[in-house]
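Following: one structure in structure tokens, then a few remarks.
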Amino acid sequence: MDSILIPLLILVAVIAGVLLLIRSFTKRSAESKADAAGANAPMDPVELARESAAKLNQEQHRQLYSLIAQGQGMAAIKLYLQATGEGLRASRNAVGALAAHPQPFTPEALPKDLIADDDDGPERFPYRYRAIVSKGDVTREVSSNMLNDEIYGRIRTLAKSGDVEGAALALTRHSDINIKQAREFIELLDD
């Protein structure tokens, strides 16, 4: 009987140890899943865009939006990742939010030359907006710090509704191009 008792006690001790290990791994796994779920909770995309833009300096902000405008999403993600040091997933989400909800660069105090002096002139933004259109071999670009997505959207709406002259006048008011160049640009907008 003594010969069976010692191996039996060893077996019970091993089983108890294995059960304790399984329980501790299960508990850690559940805790890490709960932490991950809390860390990956979806954030409001507009708020994410605001927070993401605040992490960039003026040159990084300009470069990022230039890459987004050119359709170079991977390069934009890489730039954001290098600029902020955030992870790949966080950088991808931030660039997606910035593309969907453009944010102006907002330093502590705007330089005096970027603040509009009169109320009836177009607002000047602290970044240059690039609008590019092409048809066939013809490509036109307008780059201005008096344009943004909202204004450009209104110009496109005017052009699509058939008011080419109104769209051209609006484009000349919000850029440094003449009426002839504006008409050429408007004609190239997709129907």
>> Not counting ligands, DNA or RNA, and with a 1.4 Å probe, what is M146's accessible surface area in Å² rounded to the nearest 10?
In response: 10
>> Please compute the volume of the convex hull spanned by the alpha-carbon atoms of region 127-191 and report it per residue in Å³.
In response: 69
> At a probe size of 1.4 Å, how large is the accessible area of S143, to the nearest 10 Å²?
Replying inline: 40
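The values are calculated or read from the model by the stated rules, or taken from the named source; none is laboratory data. Here the structure is a predicted model, which is why all the values come from computation and not from measurement. Ligands, DNA and RNA are excluded from the accessible area calculation, which covers all protein heavy atoms including side chains. Shrake-Rupley method; radii C 1.70, N 1.55, O 1.52, S 1.80 Å.
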